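The values are calculated or read from the model by the stated rules, or taken from the named source; none is laboratory data. Just so it is clear, the model here is predicted, and its values are computed rather than measured. Please note: Cβ atoms are built from the backbone with ideal geometry, for glycine as well, and neighbour counts cover all protein chains shown. Please note that ligands, DNA and RNA were not included when accessible areas were found on the heavy atoms of the full protein model with its side chains. Shrake-Rupley method; radii C 1.70, N 1.55, O 1.52, S 1.80 Å.
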Amino acid sequence: MLSAEQEKAQYDLHQNELDDPGYRKFLSRLSVPLLNTLTPEQTNGLDFGCGPGPLLAKMLNEAGKQMHLWDPFYVPEPEALQRHYHFVSCTEAIEHFVHPAKEWRLWLNLLLPQGVLALMTKRYIDQDSFSSWHYKNDPTHISFFHQRTFEFLAQRDQLELEFPADDVVLFKKRNT
């Protein structure tokens, strides 16, 4: 496992620019189904693990959503984790978590009733293909998920579940 300094050095190599149309298209795989799921009243969101270039938050702001940011390296604002949100997004970050169950519990606590958790991460298909899977070769990727993992979590935590793309998962919290 990498040290925090080594991990941040890897992230600093990413070319995720706010004006990059390719990056915008990539993130639209999550933003479009998320926006289609949210009601007009669901305006308050958190971009969890936003990185140094929070383009998803910018895109959602452009769509009329009020976005807050949190990232352990780039936006370590504890106040953002003390609020409640209509939705939480986490794009290409869950695979970096050492203890993803901890963040999962946090997300569920941050979400208001009917809130949406929107994740983007590659899912592994089976054990045989895992050894040749490129996604696991990134030294900062340490947690991997199968579709059945998300199905289990949705059932256990009584969440509605949708897979709008191969690498996108939407969970909707029920009224509680």
Item to check | Enumeration of residues in segment 142-163 that are open to solvent by less than 50 Å² (accessible area, probe 1.4 Å) and either closer than 19 Å to L111 by Cα or not polar (S, T, N, Q) (or both) | outcome: F145, H146, F150, L153, A154, D157, L159
Checklist entry - For V116, which of the numbered conditions (1) closer than 23 Å to P52 by Cβ; (2) touching a residue at least 60 places away in the same chain (Cβ under 8 Å); (3) open to solvent by less than 40 Å² (accessible area, probe 1.4 Å) fails to hold? => result (1)
Checklist outcome for this item: If we keep only residues of segment 119-139 that are of a type in the set (A, V, I, L, M, F, W, C) and buried (at least 16 other Cβ atoms within 10 Å of the Cβ), then the residue farthest from R83 (Cα to Cα) is M120
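Looking only at strands (runs of 3 or more DSSP E) that fall completely inside segment 33-110, which ones have 1 or more residues that are over 16 Å from the mean Cα position of the chain (by Cα)? Show your work before the answer.
On the way: elements: 44-48, 66-70, 85-91.
Qualifying strands (runs of 3 or more DSSP E): 66-70.
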Next on the checklist: Could you list, ordered by first residue, the pairs with Cβ atoms under 9 Å in which the first is in segment 57-73 and over 11 Å from H86 (Cβ atoms) and among the aliphatic types (A, V, I, L, M) and the second is in a loop (DSSP other than H, G, I, E, B) and open to solvent by 50 Å² or more (accessible area, probe 1.4 Å), at least 6 apart or interchain?
Outcome noted: L69/E77
Next on the checklist: If a residue must be under 15 Å from L106 (Cβ atoms), open to solvent by 20 Å² or more (accessible area, probe 1.4 Å) and modelled with pLDDT under 95, how many such residues does segment 45-76 contain?
Outcome noted: 1
Next on the checklist: Suppose we keep only residues that are out of contact with any Pro (no Cβ under 8 Å at 6 or more places or on another chain) and open to solvent by less than 90 Å² (accessible area, probe 1.4 Å) within segment 164-176. Which one would you say is nearest to Q114 (Cα to Cα)?
Outcome noted: K172
